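Before any comments, here is the structure.
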Amino acid sequence: FLTSLETLLSPSPKAANPPSLLAGMSMPDRHAMKPRMIHVLATISLTPGSRDEFLKVFSGVVPLVRAEEGCLEYGAAVDLETSLAAQDELRQDTVVVLEKWTSCEALEKHLMAPHMIDFQGRVKELVTGIQLQVLEPVSDPR
């Protein structure tokens, strides 16, 4: 997990401006970037059978994250079995964290918050990988 965190916190080789905490993303100069809401999907892969334990620890950090400046939404979700043909197989050892932030800066501060550093240490033996997607809403053309 810490290796995954280090990847999130390492500078992007594509970035020509000051390094971002979000590896692999080229972000514009912070002074030129207007704050805008962002969506984050953090897909967390866990050691087999550890999802309930992870969610118990996760539930303790949720109120602290929701109190952070810039946090609009923060919560966990797990796969739900449906009859939809397009749905992938259920992932019993995966948690998806759904987040909304007022800006990339707020997300970067969140990643370095003391309670998040503590949380990462508490779940590091349970986490085998993290995939992060940072999305921006598309304007309604109406």
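Read-outs: derived from the displayed coordinates by stated rules, not from any lab. Owing to the predicted nature of the structure, the values given are computational and were not obtained by experimental measurement. Ideal geometry is used to build each Cβ from the backbone, glycine not excepted, and the neighbour counts take in all protein chains shown.
Over all other residues within a Cβ to Cβ distance under 12 Å of Thr94, the charged ones net out to -2, with Lys and Arg as +1 and Asp and Glu as -1. Ranked for footprinting exposure by Cβ neighbours inside 10 Å, fewest first, Asp93, Asp88 give Asp88, Asp93.
At a Förster radius of 35 Å, what calculated FRET efficiency corresponds to the Cβ-Cβ distance of Ser50 and Ala86, to the nearest 0.05? It comes out at approximately 0.80.
Counted residue by residue at 0.36 nm each, then reduced by the alpha carbon distance between them, the extension gain from Ala113 to Asp93 reaches 4.6 nm.
Checking every one of the trypsin sites (Lys or Arg not before Pro) in the range 61-112 against DSSP loop status and a limit of 15 other Cβ atoms within 10 Å picks out Arg91. Write out the GluC sites (Glu not before Pro) in the range 67-100 meeting two conditions: DSSP loop, and at most 16 other Cβ atoms within 10 Å of their Cβ. Of the GluC sites (Glu not before Pro), the ones in loops of the range 67-100 whose Cβ has at most 16 other Cβ atoms within 10 Å are Glu68, Glu69, Glu81, Glu89.
Counting other Cβ atoms within 10 Å as a rough exposure proxy, the listed residues Ile117, Ile44, Ile130, Ile38 run Ile117, Ile130, Ile38, Ile44 from fewest neighbours to most.
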